[in-house]
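All remarks here apply to the structure that follows.
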Amino acid sequence: MIIILASGAEATIELSEYIGIPAVYKQRVKKGYRHPELDRRIIVSRTRNEVRCMIAAREAGVHVPWVLDVDDDAGLIVMEFIEGETLNKLLPSLGADKRKELEKNLGREIAKLHSARIAHGDLTTSNLVFRDGIYFLDFSMSSRPASLEQLGVDFRLLHEVYTSTHAEFEDEFKLIISGYLEAGGSEQVIDRMREIERRARYV
């Protein structure tokens, strides 16, 4: 049985099976307005980049789905299905102590990712799932090696989510920063996040 999890302009994501185990099939969408050869090159490049960043993240100790199969010409990635709850749904359901502990741990996990010079590119609580730890999903916009600006944007995006979706917990964002710095994350990244936020206010 195939279950469509998401269908967007960039990719369709389906839940099915791979050699008998639950698996997610991510298929990049061809763009009719692009020249076919250019479209193929873009799809291949983005598929390879996503897989490489996921593998590098796992090697850095970050929880990501196992990549089970890849067809970069077709823009297809088959990966482990992570059955858990996204943080955007989980955070409001937790008591204060457990939520704060989770936020501190999130900062530590982001530090692992950034220490490997990987920027997630779409770091929101919808792309973070808790199972037996915090799993990072959807590396379609990831970069490696990431610039200081790209790492700062990761934090900027997450902070935006806290000021909108999780406004009631916005003061707890400092726990994520604290966990990040304690785990070896760079103060320069946090400074760059604040610089990006200042820039945005004056645009």
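The values are calculated or read from the model by the stated rules, or taken from the named source; none is laboratory data. These numbers come from a predicted model, not from an experiment. Here the Cβ is made from the backbone with ideal geometry for all residues, glycine too, and neighbour counts use every protein chain on show. In case anyone asks, the SASA skips ligands and DNA or RNA and just uses the protein heavy atoms, side chains included. Shrake-Rupley method; radii C 1.70, N 1.55, O 1.52, S 1.80 Å.
Listed values, structure above:
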{"quantity": "Within region 37-74, considering residues that are closer than 15 Å to Glu10 by Cα and of a type in the set (Gly, Ala, Ser), the one modelled with the highest pLDDT", "calculated": "Ser45"}
{"quantity": "Answer residue from region 179-203, given it is among the small types (Gly, Ala, Ser) and in contact with a helix residue (DSSP H, G or I) (Cβ under 6 Å, 6 or more places away or on another chain) and is nearest to Lys89 (Cα to Cα) among those", "calculated": "Gly179"}
{"quantity": "Number of the exception - Gly184 against (1) assigned to a helix (DSSP H, G or I); (2) modelled with pLDDT of 95 or more; (3) more than 17 Å from the chain's Cα centre (by Cα)", "calculated": "(1)"}
{"quantity": "Residue selected from region 1-25 under the condition under 18 Å from the mean Cα position of the chain (by Cα) and of a type in the set (S, T, N, Q), by the criterion nearest to Phe81 (Cα to Cα)", "calculated": "Thr12"}
{"quantity": "One residue from Phe173, Phe155, Phe130, Phe136 being under 23 Å from Asn88 (Cα atoms), within 11 Å of the chain's Cα centre (by Cα), at pLDDT 95 or above and of a type in the set (Phe, Trp, Tyr)", "calculated": "Phe136"}
{"quantity": "Residue among Arg58, Arg40, Arg28, Arg52 that alone is surrounded by 15 or more Cβ atoms within 10 Å (Cβ to Cβ) and over 21 Å from the mean Cα position of the chain (by Cα)", "calculated": "Arg40"}
{"quantity": "One residue from Ile3, Ile21 being loosely packed, with under 13 Cβ neighbours inside 10 Å and either among the aromatic types (Phe, Trp, Tyr) or at pLDDT 90 or above (or both)", "calculated": "Ile21"}
{"quantity": "Residues of region 106-164 classified as of a type in the set (Asp, Glu), buried (at least 20 other Cβ atoms within 10 Å of the Cβ) and more than 21 Å from Glu195 (Cα to Cα), total", "calculated": "2"}
{"quantity": "Residue that is farthest from the chain's Cα centre (by Cα) [pool: residues in region 187-203 that are closer than 24 Å to Arg117 by Cβ and basic (Lys, Arg)]", "calculated": "Arg199"}
{"quantity": "Residue that is surrounded by the fewest Cβ atoms within 10 Å (Cβ to Cβ) [pool: residues in region 170-203 that are among the hydrophobic types (A, V, I, L, M, F, W, C) and touching an Asp or Glu at 6+ places or on another chain (Cβ under 7 Å)]", "calculated": "Leu181"}
{"quantity": "Boolean, Arg46 is touching a residue at least 24 places away in the same chain (Cβ under 8 Å), of a type outside the set (Val, Ile, Thr) and open to solvent by less than 50 Å² (accessible area, probe 1.4 Å)", "calculated": "no"}
